[in-house]
1. Can you give the helix-only mean residue ellipticity at 222 nm for the chain, where every DSSP H stretch with n ≥ 4 adds -39500 (n - 2.57) and the sum goes over all residues, rounded to the nearest 500 deg cm²/dmol?
2. What's the whole-number percent of alpha carbon pairs in region 43-198 lying beyond 21 angstrom?
3. Order of 94-104, 34-44 by packing, highest average Cβ count within 10 Å first?
4. Take the alpha-carbon centre of region 139-177, take the same for region 75-109, and report the distance between them in whole Å.
5. Mind checking the dipole of the chain: about its Cα centre, +1 per Lys or Arg Cβ, -1 per Asp or Glu Cβ, Debye to the nearest 20?
6. Quick check: convex hull of the Cα atoms in region 74-156, volume per residue, rounded to a whole Å³?
7. Which lysines have a Cα lying under 26 Å from the Cα of residue 121, excluding residues fewer than 8 positions away in the same chain?
Amino acid sequence: MAQLSRQTFDLEAKITRSDSGTYATINLFIPSYQRSFGVEIYLLEGQTAVSEKTLFTLGEIASLTPEARGRIRELLYEDAMRTRETVAFGDPTPPPEVPPTTFLKRLFWRPNKYRFVELLKEDPRHPCHLPGGASTVETKVELLGFRIDENDLETRRFALFDCIPQWEEEHGASVVLRDGVPVAIDSQDADLSKHNGA
């Protein structure tokens, strides 16, 4: 995998300075996905250009292999199966509530507008229903783009591949890439030091 050249980066990237810091954005075409993704790079405080480490990381992102894409699918699938066992999802169109059978109870009965009806795990509408296994997980995940933070102070090269899985629509998730290899699923505010292992 080749490092992205500084000349290519300077031609294609947009650098923005604001009160909160300096960041760069660039679009990279990834052949294994047959599409381009945006990459946001938060520059080291006080810097106006990206580091050599970041250029190398951009090269790793641009050359993600079909095997790496398969590993990303496996990580997302494992996350979906963990969520499936621990989280109950509500049925968006539950069956109507059955009123009581006795006259007196029906007289005072009112439908519960806050009723929760759990969606069955086997229901195709369930966010974690993936009968095709890891190969179908991308049908339930919106892939957003990548982030690199030069302020992370880690010695390894990290990038976060942000996505919104249907089972985590509120907060989203990130695939952690370490030295160009997908290693874990984490929250979008991931603590990279816990992924710095061997």
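Readers should treat all values here as calculations from the given coordinates under stated rules, not as data from a laboratory. All of these numbers come straight from a predicted model, not from anything done at the bench. Virtual Cβ from ideal backbone geometry, glycine too; neighbours counted across all protein chains shown.
1. Details: 4 runs with 45 residues, N = 198.
The helix-only estimate for the chain comes to -7000 deg cm²/dmol at 222 nm.
2. 57 percent
3. On the way: 94-104: 8.8, 34-44: 16.8.
Packing order, densest peptide first, comes out as 34-44, 94-104.
4. Cα centres, region 139-177 to region 75-109: 31 Å.
5. Working: 23 positive and 31 negative charges, 154 e Å.
Charge dipole, the chain, about its Cα centre: 740 debye, nearest 20.
6. Numbers: hull volume 14.4 nm³, N = 83.
Convex hull volume per residue, Cα atoms: 174 Å³.
7. Answer for residue 121, where 26 Å is the Cα cut-off: 113, 140, listed by chain and number.
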